[in-house]
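Accompanying notes for the structure given below.
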There are 2 protein chains.
Amino acid sequence: MKPKLAGLGFNLLIIKVLLKFNFQNRNTLVKMSLELTKDIFEALLAAVEQKNASYIRHTLEDMHPEDIAEILYEMDTEPCIYVFEVLDKEVCAEVLAYIDEDTRSEFLENFSPEQIAMWVNLIDSDDAADILQPMPLRLREKTLAYVEAEKAAHIEDLLSYSEDSAGGLMAKELIRAQANWTVVRAIEEIRRQAAKVQRFYSLYVVDEHNILLGRVSLKQIIISADHTLIKDLYEEDMVAVKTYTSIEEVSDLMQKYDLEAIPVVNARNELVGRITIDDVVDVITEKAEQDRQIMSGITDDVDEDDSIFQLTRARLPWLVIGMFGGLLGARFMGFFEKDLALVPAMAFFIPLITATGGNVGIQSSSIILQSLANRSSIFQGNYWQRLLKVLLVAMINGLVISLIVLGFAWFVNHSLRLGLTVAIALFFVVILASMMGTITPLVLHAMKINPAVASGPFITTANDLLGLAVYFSTAHFLYN
Amino acid sequence: MKPKLAGLGFNLLIIKVLLKFNFQNRNTLVKMSLELTKDIFEALLAAVEQKNASYIRHTLEDMHPEDIAEILYEMDTEPCIYVFEVLDKEVCAEVLAYIDEDTRSEFLENFSPEQIAMWVNLIDSDDAADILQPMPLRLREKTLAYVEAEKAAHIEDLLSYSEDSAGGLMAKELIRAQANWTVVRAIEEIRRQAAKVQRFYSLYVVDEHNILLGRVSLKQIIISADHTLIKDLYEEDMVAVKTYTSIEEVSDLMQKYDLEAIPVVNARNELVGRITIDDVVDVITEKAEQDRQIMSGITDDVDEDDSIFQLTRARLPWLVIGMFGGLLGARFMGFFEKDLALVPAMAFFIPLITATGGNVGIQSSSIILQSLANRSSIFQGNYWQRLLKVLLVAMINGLVISLIVLGFAWFVNHSLRLGLTVAIALFFVVILASMMGTITPLVLHAMKINPAVASGPFITTANDLLGLAVYFSTAHFLYN
């Protein structure tokens, strides 16, 4: 595994590792944090060098696969391969599921399709599809040939859905029950499938054509008498989504109705999979992160560990766009060179004007983003009344700021005319920037573009230009 | 219930309502979206006016409580009270849990403590504590007097924890099992407690002193033979948190290890509660929203529906701070009035300088925020190497932008000296803003202040001043 931090090395790696807490030793801490220091890490590296398989197994196999993945991130590829050779194959398979896509793809090039298939057999179909999805088609086909038939079919099905849809997020593993079964029969089915389905909270009830009818919780199964019919137990009131439902909608629904899992049906309402909340939590986190990056003017999903080239490529585009905005502003001010030569102090307030416009615009768009995110609280239509409210808030804010600035310019700069110019311009800048910050995300949303763009550098640049135009027009008017 | 949109009215309210899908009618859509138009809503209002209880019950009781809450938001207080009088009390209790705190507190003033206690009895202790928490102490005590003893004790316990800790987020409802029980005995316990605990996925295994030992999943209970001992079934490898663990850490742990629930223990490792993933999802969403607001320079948690006063109060502080930053910039530029009078074109590039500094600073802090959010991927120490990397990226970005600007100033403005001034200043601004954007969030984080502040208007303002200082110093140096 190529270390993500290649070339930077590390001093002290602190990873919280959960140790199993002991039945005998009941007074220990429930969750223990192990500081994996350089020493322990190097002992592990030495064990790899000395091919001390039992030490590696002993150290790693008690850890959560996610923690093992983090340790492997700090190793070179060779030691990682050795670790995968000695560790229990089920542990390896789970670790693979936790490694990020790019690193995993590169790492798996070191193994045969047969080997990869062995791990794929041991994990849920959604994780398996994630592993196979980025592979070259030939390698994917070769690997699938070694995967057991049912799982291979599941994976091929999952690979056919868009990554942004419920179909792309779901797992095929779930437990079906027929309406005419008894509780005992359902329990038999659970026993039969328990090894295949890692976690489940409900049985999904289907008819003979696999059409979804409802769900029975495990709790209901446990508390019901053995010969109760599923028909009499199951809830019909339930939320299901279609394979083509967007993952945003899935996440909104699960969040709104506090669901731990949601079944997925195809166009014929046949039950084809289910999505669990842990996958949706990842979607929610990614979406928030993506929005923040858009607001910060970063084009790609980069982080500190990425290469200098990747970081530059993600950052430069918006910087260049902002720069051209600035140059455009410079051109525009060129028209007012004479005014500036006459009253150089006019230049002093340029940053005040542009910064205020930017701040107001971002505040406004942020409030609209919030409304758009909590879709439920949006009342459709009524745009005029919403804008009226935005206008009123802007007028109050604009008035307060303008009056302070007027006072400052008057008393400190002793120039009533300049003070008036700045104050009047500022008032209108606040109003215009509020309007732009409010309308832009709504328009973007209607155009199905992520409205978070409206809080990014593009709008800040546009607001700068708007502010300059208002300021210099006001000045030109008042000084001539 | 006071409508949140008071005074603005509404045109067309679209709410997605999940209808139960029918066993008989198996070809209908699984999830149906009902557009609740003005007509349907007015029919409901008319039913309230005519005291048509059966129509209201029929229309609302099939809906999810969350959907009912949304409809009530659109009504005045009087009709809401009537709806609560006629609806099934369990439905009312659940609806209450979905209403936001402020609206709920106001609404509950219309009911007697006895009435409130009846609803509190019907919901989980964590939701109940949320309802009682904002009440005046006297009313809270009066209400608790009517709540059944065990639940009242639970609620009082929960109210004693900070809202930001695991203790404040947990519910008391959970199912305990003793290690020496058989599966049959555990199932009896589940049956006994099933009505009290709404949803559960595991039994928590404790010793005779209520010390947490491990967990058994419901799946394990179902698939195990009746006389298996819990001792032989339960997992010791588990994650638990302390009552004082911060909710951020709880959310990180549950996200990292894909947990649907996490047990909470006190300082003596006694099991005192558990937190379910749906509550944590809310925490994650709120945190993302809060970060976005901080980045946008909004001080309070406001949304579009809030009053003009609330909106102004949340927005004005940062605007005023930004304004003083702008005035400080104006004062600073005052020192260069002579230079500006000599070369008015110097002013043209002020927005370019400040905007670039702002953009670069926010990009840099955003990348650090990402590292801080994915705590696991941070390698401690090594600050110098991280800064070196930031410096290299900044130098590349700065060089590209400076060269473009130099070309522009040269060819378009025909001024090599001005072009050089702007280009050199820009280069250093990019580097300094990168450094500031990188270091500020790290320092804030170390000081336990939310590092998202570093992407907000405060840093933008500071970057503006920095940019101006660099620009005018460069100009002064090159022109004198």
- Task: Would you point out the residue of the stretch A:166-205, among those that are of a type in the set (Gly, Ala, Ser) and not in a loop (DSSP other than H, G, I, E, B), that is farthest from the other protein chains (Cβ to nearest Cβ)?
- Result: A:168
- Considering residues of the stretch B:450-462 that are closer than 27 Å to residue B:332 by Cβ and more than 10 Å from every other protein chain (Cβ to nearest Cβ) only, the residue surrounded by the most Cβ atoms within 10 Å (Cβ to Cβ): B:454
- Subset of the stretch B:50-77 that is crowded, with 21+ Cβ neighbours inside 10 Å and among the acidic types (Asp, Glu) - its residue that is nearest to residue B:123 (Cα to Cα): B:67
- Task: Inspect the stretch B:390-408 for any residue being within 19 Å of residue B:444 (Cβ to Cβ), modelled with pLDDT under 90 and assigned by TED's automatic domain parsing to the domain that holds residue B:431 and give the result as yes or no.
- Result: yes
- Is the stretch B:4-19 home to any residue that is out of contact with any Lys or Arg (no Cβ under 6 Å at 6 or more places or on another chain) and modelled with pLDDT of 50 or more? no
- Task: Consider residue B:199 carefully, then state whether it is in the same structural domain as residue B:272 (by TED's automatic domain parsing), closer than 29 Å to residue B:120 by Cα, without any contact (Cβ under 8 Å) to a residue 24 or more places away in the chain and charged (D, E, K, R).
- Result: no
- If you check A:94, A:85, which single one turns out to be surrounded by 15 or more Cβ atoms within 10 Å (Cβ to Cβ) and assigned by TED's automatic domain parsing to the domain that holds residue A:129? A:94
- Task: Of the numbered conditions (1) more than 23 Å from residue A:408 (Cβ to Cβ); (2) of a type outside the set (A, V, I, L, M); (3) free of Cβ contacts under 8 Å to residues at least 40 places away in the same chain, residue B:337 fails exactly one; give the number of that condition.
- Result: (1)
- Residue hits (the stretch A:146-165; under 21 Å from residue A:250 (Cβ atoms) and assigned to a loop (DSSP other than H, G, I, E, B)) are A:160, A:161, A:162, A:163, A:164
- Go through the stretch A:206-215 and count every residue that is assigned to a strand (DSSP E or B), more than 8 Å from chain B (Cβ to nearest Cβ) and not β-branched (Val, Ile, Thr). 1
- Message: Name the single residue that is nearest to residue A:203 (Cα to Cα) among those in the stretch A:280-298 being surrounded by fewer than 21 Cβ atoms within 10 Å (Cβ to Cβ) and facing chain B (nearest Cβ under 9 Å).
- Response: A:282
- Query: Got a sec? Which of B:233, B:218, B:316 is at the interface with chain A (Cβ under 8 Å from one of its Cβ atoms) and farther than 29 Å from residue B:445 by Cα?
  - Reply: B:218
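Residue-wise test of (1) hydrophobic (A, V, I, L, M, F, W, C); (2) assigned by TED's automatic domain parsing to the domain that holds residue B:225; (3) on the phi > 0 side of the Ramachandran plot.
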| site | (1), (2), (3) |
| --- | --- |
| B:125 | no, no, no |
| B:128 | yes, no, no |
| B:132 | yes, no, no |
| B:143 | no, no, no |
| B:147 | yes, no, no |
| B:158 | yes, no, no |
| B:163 | no, no, no |
| B:181 | yes, yes, no |
| B:193 | no, yes, no |
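Per-residue answers, yes or no, for (1) at pLDDT below 85; (2) farther than 30 Å from residue B:70 by Cα; (3) in contact with a Pro (Cβ under 6 Å, 6 or more places away or on another chain):
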residue	(1), (2), (3)
B:325	no, yes, no
B:360	no, yes, no
B:372	yes, yes, yes
B:381	yes, yes, no
- When the stretch A:223-265 is checked residue by residue, the ones that are of a type in the set (Ser, Thr, Tyr) and either buried (at least 22 other Cβ atoms within 10 Å of the Cβ) or more than 22 Å from residue B:276 (Cβ to Cβ) (or both) are A:224, A:228, A:234, A:243, A:244, A:245, A:246, A:251
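The values are calculated or read from the model by the stated rules, or taken from the named source; none is laboratory data. This is a predicted model, so every value here is computed, not measured. Here Cβ is always computed from backbone atoms with ideal geometry, including for glycine, and neighbour counts include all displayed protein chains.
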